[in-house]
Amino acid sequence: MIFRLENVLPQSVKKIFSTSGAVALLTASSLGISNAESAETLRQFFERTATPQVTTVADSNAAADASAQPSKPAEPTIEDDHGSNPNPPVASGDTQSITLTTKDGTQRRYIMHVGANYNPDKPNPIPVLFSFHGWDQSVDSFMESSAYQNTRAWNDAIVIYPEALDGAWEAAPYATGRPGKDLAFVEDIIADVDNDYLIDRHRVYASGFSNGGGMAAVVGCHLPDKFAAFASVSGAYYQQVNVGCSERPIPAMIVHNVDDPVVHYKGGPRNGGQL
């Protein structure tokens with residue numbers, strides 16, 4: 001279920017999530033939500049799934065009433081892996097930079113945080129949240145500004161911050177990696193993490209900002225068998241994002257300021273491509 005919220009304040013967004021079994025959100029106004037509020041909103045969204053449906057509402061009461069409608073969860077089809085390492089490379093509560101050699105032999109990097117509540121001796125399946133940085137943005141600074149540290153996800157999930165090749169994710173006209181290279185990197189990360197942790201394969205999520213928001217959409221478009229939902233903030237959706245997509249629907253939350261001066265809300269030409 002997709003709610004298009006027009007001129008709705010952050011506290012109203014929280015009301016919608018508290019009454020809904022599943023929501024995907026498109027904001028159509030500048031809400032002035034802080035990083036911490038945005039991260040918490042994403043966390044709440046990722047605890048829910050939805051079937052694709054669009055509802056336009058103009059106030060929080062209408063949204064809360066509409067959100068009470070039942071929806072059928074959409075789940076990845078991949079089987080759960082119930083193996084884990086009692087001495088994993090990143091301890092519970094820690095954050096480390098990981099270098100991974102992908103299947104094509106490329107050295108790639110990602111930052112990984114393991115929630116403090118994960119017990120490797122007696123593990124319960126733990127959700128995984130990917131967060132993709134924007135174009136030419138440091139993955140380290142993006143991690144610090146994402147504010148997931150201020151949400152429950154920081155203790156209850158594995159949070160992954162992948163690093164793009166030359167600062168850009170695929171599907172953008174300025175990306176240097178060939179199509180599919182970043183998708184393969186994401187799949188390699190999932191496999192790498194799954195080797196040492198008991199991850200919940202039905203709760204793997206993607207989020208991102210700007211070019212990273214476009215990458216979150218690429219992941220949702222091409223890997224709905226591995227991801228339960230995705231969320232994008234100010235996403236750059238170049239035309240290549242939709243090329244070769246799966247027809248399988250996936251819950252999505254799209255947050256975009258209608259007055260965004262960089263990635264225009266209504267699209268158009270940018271950086272030699274078309275939004």
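Pop a pseudo-label 7 angstrom from the Cα along the beta-carbon direction at both residue 149 and residue 270 and give the gap in nm to one decimal.
With each label placed 7 Å out from Cα toward Cβ, I get 2.8 nm.
Amide H to amide H under 5 Å from residue 98: which residues, 5+ apart in sequence or cross-chain, H placed 1.01 Å off N in plane?
110, 111, 112
Could you work out how far apart the two model spin labels at residue 94 and residue 140 are, taking each label as a point 7 Å from the Cα in the direction of the beta carbon, and quote it in nm?
1.8
If the chain between residue 176 and residue 117 were fully stretched, how many nm would it gain, using 0.36 nm times the residue separation less the Cα-Cα distance?
Result: 17.4 nm gained on full extension.
Can you give the Kirkwood hydrodynamic radius for region 95-255, in Å, rounded to one decimal and based on Cα pairs?
15.6
Rounded to whole Hz and in sequence order, give me ³J(HN,Hα) for region 172-180 from the Karplus expression 6.51 cos²θ - 1.76 cosθ + 1.60, θ = phi - 60°, writing x for Gly and Pro.
Values, residue by residue: 8, x, 9, 6, 8, x, 6, x, x Hz.
With equal scatterers on the alpha carbons only and no solvent term, can you work out the Debye log10 of I(q)/I(0) for region 161-275 at 0.11, 0.12, 0.16, 0.17 1/Å?
Listed by q, the Debye log ratios stand at -0.35, -0.41, -0.72, -0.81.
Where a number appears in this text, it was derived from the coordinates with a stated rule and is not lab data. Source: prediction; values computed, not measured. Cβ: placed from backbone, ideal geometry, glycine included. Neighbour counts: every protein chain shown.
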